[in-house]
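K.L.:
Let me give you the structure first, and then I'll get to my questions.
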Amino acid sequence: MKKIFITGIGTDVGKTVVAAIVTEALEADYWKPIQAGDLATGDAHTIQSLISNTKTTIHPNSYALQTPMSPHAAAKIDGITIKLSKIQTPKTKNNLVVEGAGGLLVPLNNKDTIADLIEPNDKVIVVSRHYLGSINHTLMTIKLLQDKGLHPTVIFNGAAHESTESIIQQMVGVTVLGRIDEEPYFDKNVVGEYAEKFKEKLKAL
């Protein structure tokens with residue numbers, strides 16, 4: 001089983017769309033350990049609406065929190081404390097796509113962050129999107145992962161920005177899997193096209 005962890009350089013950079021593309025490309029299972037807010041229409045529902053294959057199993061969240069906030073704060077409102085010991089990887093013989101929440105240092109409790117959900121053998125894909133400050137956020141994310149002994153790859157999402165992408169590759173020597181363009185919308189057909197485009201590189205991870 002190959003486990004692929006999808007993280008982003010922040011919020012709203014396109015993690016869920018990338019997770020849908022990777023899930024579809026590999027006909028993998030999907031799991032979002034922690035969902036904060038939007039429980040009726042959250043990321044798992046989005047994934048289900050964007051994939052076409054019949055092999056994917058979407059596994060339930062370990063924590064489904066009511067408020068769209070940082071997990072530690074949402075959990076406090078719900079009167080609970082998030083514990084890493086209760087976040088157990090689903091048992092499956094299929095490849096598994098895991099989607100984080102926000103960026104790597106989003107707190108889960110007073111000690112642990114999203115980064116602590118990533119295991120040593122995970123294949124990590126960093127989703128980067130250009131905006132003022134995104135170089136810093138991307139480099140910090142990649143460096144943190146590299147310091148943990150991981151070898152992340154990158155998918156750029158949105159309009160191309162050559163100087164941004166070039167300096168990121170030069171400074172941290174990261175492999176770029178490709179780009180998702182600024183599409184007017186994403187549906188099963190669009191996700192399927194990108195899945196086919198990324199399939200071979202994802203299989204080689």
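The values are calculated or read from the model by the stated rules, or taken from the named source; none is laboratory data. Predicted model, so just to flag it, every value in this text is computed and none were measured. Every residue, glycine among them, receives a Cβ derived from its backbone with ideal geometry; neighbour counts consider all protein chains shown. Surface accessibility is based on the protein's heavy atoms, side chains included, excluding ligands, DNA and RNA. Shrake-Rupley method; radii C 1.70, N 1.55, O 1.52, S 1.80 Å.
K.L.:
GNM on the chain, C-alpha springs below 10 Å: top fluctuator among N136, N157, N94?
P.N.:
With Cα springs under 10 Å in the chain, the top fluctuation among N136, N157, N94 is at N136.
K.L.:
Return the whole-Å distance between the Cα centroid of segment 59-125 and the Cα centroid of segment 150-205.
P.N.:
Distance between centres, Cα-based: 24 Å.
K.L.:
In square angstrom, rounded to the nearest 10, how much accessible surface does L205 have for a 1.4 Å probe?
P.N.:
My reading of the accessible area for L205 is about 50 Å².
K.L.:
Taking only protein heavy atoms into account and a 1.4 Å probe, give the accessible area per residue of segment 55-127 in Å².
P.N.:
Ligands and nucleic acids excluded, the result is 54 Å² per residue.
K.L.:
Using only the alpha carbon atoms of segment 1-102, find the Kirkwood hydrodynamic radius as the inverse mean reciprocal pair distance, in angstroms to one decimal.
P.N.:
For segment 1-102, the Kirkwood estimate is 13.9 Å.
K.L.:
Out of N53, N189, N110, any idea which swings most in a Gaussian network model of the chain, alpha carbons joined below 10 Å?
P.N.:
Judging by the Gaussian network model, the answer is N110.
K.L.:
When a/c is below 1.5 the answer is rounded, else prolate if a/b is larger than b/c, else oblate, so apply that to segment 73-117 with a ≥ b ≥ c taken from the square roots of the Cα gyration tensor eigenvalues.
P.N.:
Cα axes put segment 73-117 in the prolate bin.
K.L.:
Under the rule of -39500 (n - 2.57) per DSSP H run of 4 or more residues, summed and divided by the residues of the chain, what mean residue ellipticity at 222 nm is obtained, to the nearest 500 deg cm²/dmol?
P.N.:
-10000 deg cm²/dmol
K.L.:
What is the sum of charges, Lys and Arg at +1 and Asp and Glu at -1, for the other residues whose Cβ falls under 13 Å from the Cβ of K93?
P.N.:
+2
K.L.:
Next question, about the same structure. In the neighborhood of T67, defined by Cβ-to-Cβ distances under 12 Å, what is the net charge if each Lys or Arg adds +1 and each Asp or Glu adds -1?
P.N.:
-1
K.L.:
How big is the dipole moment of the chain about its Cα centre under a simple scheme where the beta carbon of each Lys and Arg is +1, that of each Asp and Glu is -1, and everything else is neutral? Debye, nearest 20, please.
P.N.:
My answer is approximately 700 debye.
K.L.:
Along its three principal axes, how long is the chain when you only count alpha carbons? Whole Å, largest extent first please.
P.N.:
Here the spans come out as 46, 38, 32 Å, largest first.
K.L.:
Let me ask something additional. Which cross-chain or sequence-distant (5 or more) residues have an amide H under 5 Å from the amide H of T113, H modelled 1.01 Å from N in plane?
P.N.:
Long-range HN contacts for T113: L108.
K.L.:
Sticking with this structure for a sec: Specify whether the C-alpha gyration tensor of segment 134-205 places it in the rounded, prolate or oblate class, a ≥ b ≥ c being the square roots of the eigenvalues: rounded for a/c under 1.5, otherwise prolate if a/b is larger than b/c and oblate if not.
P.N.:
Oblate, since a/c reaches 1.5 and b/c is not below a/b.
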